[in-house]
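Chemist: Please see the structure below; I have some questions.
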Amino acid sequence: MMAIWEKIRILLEMIKFEHSVFALPFALTGALLAERGLPGGLVLFWLVMAMVWARTAAMGFNRIVDRKFDAANPRTADRAIPAGTVKLWEAWALVLVASGLFFLSCAMLNPLALLISPLALALTFLYSLTKRFTWLCHVVLGVALAVSPLGGWVAVAGTLTGFPWVLSLGVLFWVAGFDTVYACLDTEFDRSAGLFSLPARFGPRLAFRLAVFFHVLAFLCFVITGLVMGLHFIFAVGLLIAAGALFYQHLAVSPGDLTRIRLSFFTLNGLISLVMFAATWLALAIGS
């Protein structure tokens, strides 16, 4: 029994389960906006299940297809598959089971959610391959996660009508920005391995400037979302907190000092997604 729990712990560590905090709050934000409040318990349950299983499948696939690069990169050599703590067949089993449960969750929501689910999952899988042929891989990851608020909206509304596309655009630029910064950790390895990224192509200094540009665009998109959806003024407080977190992560990390990059990547960006969700919830609750 202990061996089973240890294997589950290793699998959760392999897919960085705690990083679900990035996309899930934005999916819930989309659901809040569609409902103009908190959706029913069953919808919330199946939406959360869909998000968790989609990310599990995507991260498992990423670890599988990148296993040779991970083994060659000193920063990632201790990951589960290169280290041998997870066998390749176990990782594939995780991906297949998670994919099946994702489709089941979408089917339990509504026909449109099920219809778009293969495209959503395909986008997350595609990202894992893009570093092999384009330095726009960070934008592709942004597109994959930008489906999150759309998925939340569809889970509730069962239609695309009325969806604030600018919210997904904001998520796209937000993700592209922080993933560009994080990729600076592997600049030299990516170059030596023939992999593509903005830091590898243009250097960390220009990559950081592009990340700032992405985050400015993201903030503007979030502002427009609040205006388009007619959210209460309290939403602006959340925007200010998110703006502060965006600003600080570019102060905390620089091309010459990446020592605090995990603070930038996980803590501050996790805060941003949670704050955006909370601000939307409060704005709808107060404004109703």
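Chemist: Looking at the structure I just gave you, is G238 part of a helix (DSSP H, G or I), within 28 Å of I261 (Cβ to Cβ) and touching a residue at least 40 places away in the same chain (Cβ under 8 Å)?
Modeler: Working: part of a helix (DSSP H, G or I): yes; within 28 Å of I261 (Cβ to Cβ): yes; touching a residue at least 40 places away in the same chain (Cβ under 8 Å): yes.
Yes: the conditions hold for G238.
Chemist: Continuing with the same structure: Within segment 263-288, take every residue that is outside any loop (DSSP other than H, G, I, E, B) and modelled with pLDDT under 85 and give me the one that is nearest to V237 (Cα to Cα).
Modeler: Step one: list which residues in segment 263-288 are outside any loop (DSSP other than H, G, I, E, B), which gives 263-287.
With the extra rule that they be modelled with pLDDT under 85, the set shrinks to 263-267, 287.
On the way: L263: 22, S264: 21, F265: 22, F266: 22, T267: 19, G287: 14 Å.
Per the criteria, the residue is G287.
Chemist: Would you check if there is a residue in segment 269-280 being more than 20 Å from A176 (Cα to Cα) and among the hydrophobic types (A, V, I, L, M, F, W, C)?
Modeler: Taking segment 269-280 and keeping what is more than 20 Å from A176 (Cα to Cα), we get 278-280.
Restricting the remaining residues to those that are among the hydrophobic types (A, V, I, L, M, F, W, C) gives 278-279.
Scanning segment 269-280, I find at least one residue that is more than 20 Å from A176 (Cα to Cα) and among the hydrophobic types (A, V, I, L, M, F, W, C), so the answer is yes.
Chemist: Scan segment 242-268 for residues that are crowded, with 16+ Cβ neighbours inside 10 Å and closer than 18 Å to V223 by Cβ and jot them down.
Modeler: Those that are crowded, with 16+ Cβ neighbours inside 10 Å and closer than 18 Å to V223 by Cβ: A242, A243, A245, L246.
The rows are residues; the columns are (1) more than 17 Å from the chain's Cα centre (by Cα); (2) without any contact (Cβ under 8 Å) to a residue 40 or more places away in the chain.
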position	(1), (2)
T180	no, no
C184	yes, no
F189	yes, no
L195	yes, no
L198	yes, no
L210	yes, yes
F219	no, no
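Chemist: Let me ask something else. For segment 136-205, please list each of the helices (runs of 4 or more DSSP H) lying entirely inside it that holds at least 2 residues being surrounded by 24 or more Cβ atoms within 10 Å (Cβ to Cβ) and β-branched (V, I, T).
Modeler: Numbers: elements: 137-157, 165-182, 187-193, 198-202.
In segment 136-205, the matching helices (runs of 4 or more DSSP H) lie at 137-157, 165-182.
Yes or no, residue by residue, for (1) surrounded by fewer than 19 Cβ atoms within 10 Å (Cβ to Cβ); (2) hydrophobic (A, V, I, L, M, F, W, C); (3) part of a helix (DSSP H, G or I):
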| position | (1), (2), (3) |
| --- | --- |
| L28 | no, yes, yes |
| L32 | no, yes, yes |
| G37 | yes, no, no |
| L42 | yes, yes, yes |
| W46 | no, yes, yes |
| M49 | yes, yes, yes |
| A54 | no, yes, yes |
| R75 | yes, no, no |
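Chemist: Pull up segment 113-135, narrow it to residues that are in a helix (DSSP H, G or I) and touching a Lys or Arg at 6+ places or on another chain (Cβ under 9 Å), then point me to the one that is nearest to W53 (Cα to Cα).
Modeler: The first filter runs over segment 113-135 and keeps only residues in a helix (DSSP H, G or I), leaving 113-130.
Imposing the further condition that a residue be touching a Lys or Arg at 6+ places or on another chain (Cβ under 9 Å) reduces the set to 124, 128.
Values: T124: 12, S128: 17 Å.
Once the filter is applied, the top-ranked residue is T124.
Chemist: Residues L198, L129, L185, L210: which one is at pLDDT below 95, of a type in the set (A, V, I, L, M, F, W, C) and within 25 Å of S264 (Cα to Cα)?
Modeler: Details: L198 fails: at pLDDT below 95; L129 fails: at pLDDT below 95; L210 fails: at pLDDT below 95.
L185 is the lone residue from the list that is at pLDDT below 95, of a type in the set (A, V, I, L, M, F, W, C) and within 25 Å of S264 (Cα to Cα).
Chemist: List the number of the failed condition for T259; all other conditions in (1) assigned to a helix (DSSP H, G or I); (2) closer than 25 Å to W135 by Cα hold.
Modeler: (1)
The values are calculated or read from the model by the stated rules, or taken from the named source; none is laboratory data. All of these numbers come straight from a predicted model, not from anything done at the bench. Reconstructed Cβ throughout: ideal geometry from the backbone, glycine too, with neighbour counts over all protein chains shown.
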